[in-house]
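**Q** Sharing a structure with you now.
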Amino acid sequence: VVQAAGAVRSPGLYRLAPGARVDDLVRAAGGLAEDADPDRINLASPVADGERVW
């Protein structure tokens, strides 16, 4: 379970498959919010269970 916080459309907790990346989390959270700066996000970065991603 990973927490999506910050500039996503639906912040919250998401259960992702092992080996998931920030891109998977952003998609699960409904995509980036309109005010998000996509140049500041590394979508290829891996996420780990219990992590909070801003």
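The values are calculated or read from the model by the stated rules, or taken from the named source; none is laboratory data. None of these values were measured; they are calculated from a predicted model. Using ideal geometry, Cβ is built from the backbone for each residue, glycine included, and neighbour counts are taken over all protein chains shown.
**Q** In the range 2-41, what residues are in a helix (DSSP H, G or I) and either surrounded by fewer than 14 Cβ atoms within 10 Å (Cβ to Cβ) or modelled with pLDDT under 95 (or both)?
**A** Within the range 2-41, 38, 39, 40 qualify.
**Q** Filter the range 42-54 for residues that are part of a loop (DSSP other than H, G, I, E, B) and not β-branched (Val, Ile, Thr) and give the result.
**A** Result: 42, 43, 44, 45, 48, 49, 50, 51, 54.
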